[in-house]
1. Gly162 fails exactly one of the following numbered conditions: (1) assigned to a helix (DSSP H, G or I); (2) small (Gly, Ala, Ser); (3) over 20 Å from the mean Cα position of the chain (by Cα). What is the number of that condition?
2. Only one residue in Phe367, Phe306, Phe401, Phe314 is surrounded by 24 or more Cβ atoms within 10 Å (Cβ to Cβ) and closer than 20 Å to Val48 by Cα, so which one is that?
3. Return a yes/no flag: does the stretch 135-143 have any residue that is of a type in the set (Phe, Trp, Tyr) and either over 21 Å from the mean Cα position of the chain (by Cα) or closer than 21 Å to Met191 by Cβ (or both).
4. Where in the stretch 367-484 are there helices (runs of 4 or more DSSP H), lying wholly inside it, with at least 3 residues that are within 25 Å of the chain's Cα centre (by Cα), of a type outside the set (Ser, Thr, Tyr) and at pLDDT 90 or above?
5. Run down Ile282, Ile255, Ile294 and say which single residue is under 19 Å from Val126 (Cβ atoms), crowded, with 23+ Cβ neighbours inside 10 Å and either touching a Lys or Arg at 6+ places or on another chain (Cβ under 6 Å) or of a type in the set (A, V, I, L, M) (or both).
6. Among (1) surrounded by fewer than 24 Cβ atoms within 10 Å (Cβ to Cβ); (2) farther than 19 Å from Lys477 by Cα, there is one condition Ala91 misses while meeting the rest; what is its number?
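The values are calculated or read from the model by the stated rules, or taken from the named source; none is laboratory data. This structure is a prediction, so every number in the text was calculated from the model and none was measured. Counting neighbours? That spans all protein chains shown, and the Cβs are built from the backbone with ideal geometry, glycine included.
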Amino acid sequence: MLAKVKSIFGTQDMTVGNPTRSIILFTIPLLMGNILQLLYSTVDSIIVGQYCGPNALSAIGVTMPLQFMFAVFFMAIGVGVGVLVSQFFGAKDKENLSSTVGTSLVLTFIASAFATVLGLLISNWVLRITNCPPEIYDDASAYVRIIFIGFVGMGFYNVLAGILRGVGDSTFPLIVLFGTTVMNIVLDIWMVASPDQLSFGLGMGVAGAAWATVISQFLSAIVCLIRLLNMKDTLTLNRQTVRFTKRIVKLIVRIGLPSGLQQMIMSMSFLLVQSFINAVKIPFNGMLDGAVFIAAHTAVMRIDQFAMMPAQAFNMTAGTFTGQNIGAGKTDRVMRGFKIVLTMALSASAIVIVAMLLFSPQLLSLFINDPNPARTALITDLGSRMIRIMLVAYALMAVSFVIGGVLRGAGDTMTQLVITVVTNVALRLPLTVILVNMTKSAEYPGGRPEAIYLSMIIAFGLHLLVNCIYFSRGKWKTKAVIRG
């Protein structure tokens, strides 16, 4: 059975054959893999929310921008390596492909060590300056520090899985993720639940959820590395290739640095916006509750991550398809693939919008289990209102993500950096400040929560507009790292 699946969904050479077929066969396991990857953090939130309550859920939520900010180290390496891998694979250049993969392993180890040390040093300081509520501070600190201890596993998995996708293999990461996600769920329940809730529970709470994630990601990275070591027909990993190759490092930095800076700017903007989120107080029982909106926002963002999965999967598909065909010198085939991927992405976004309209209260209830039914109802209602605002973003981002994938696959990452600076710094942050201050009142001293979400939607709209204008001009076609 497994052999049959691999024969259908195995490594895809997207430079030949029917582009629709290769795109579908690559995207299906990729999408499933992305969903499983998200389950790592989402299962943490669901189990913590159910066993420990909304305050514990909020503790995980406030750490998300901080984690994302440090993950940019691996995003930068992953983007640079992914573009090179797909283009060298398309050009059938085994020597440079092997050097790229070997160099990426060394860079990932250095980046993960740096991120771990720096993250442990500044995590508590960041929580304080972003107004983390005192009632959730200790849990948030414990959770994020454990995550940083395990950053090496997360870093290697993301880079190694990106390499496998670059050579057209999106099936193996899916198989790995399925196994380790099941393990993560089991570990979560075992470590988080108290003996009073489950007889075998360890009662570690939020810290237990972090340890479960770290252990599972380490195993994912190890298995993916073994897979690469066995791909001898495609690439070679030995003492000659697992080292710094100066030329390859320069190419990775040239392509990956703008993307890394783009993600860093986005994460910094998210971190600054998080301070506004933490400051929102919701009226409840005659008092202002600071954890209610954080719990609702955390649940919404977890659901949003799943809703964005199709667009992100098609982004990766567009990048791999473009990279392989640019490497093979088939620019006309890139445009055919773009139209196919865009149609699929828009269709998927329509399904997501309908599902969110119909089932948002039920989805939110997975994360929320407050002993006070009135507080649970308030959090659910607040989350549903935010989701309705977010629906506009899904169609916008479907188009923007596909265009971004094509640009990245072609090696044009600097443009995306400039667009991100314009939309997420020059526009979104000032707009958030203006809208929050305009909506402040005695009832909402930290501003209305809708203001934060509206600024996000406006920024998404501008990002898409600028992306479309640049893409239509066609300059990205001249950015290839190699020539087919």
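1. All conditions pass for Gly162, except number (3).
2. Just a single option satisfies the conditions, and that option is Phe367.
3. yes
4. Helices (runs of 4 or more DSSP H) meeting the threshold: 373-409, 449-473.
5. Ile294
6. The failed condition is (2).
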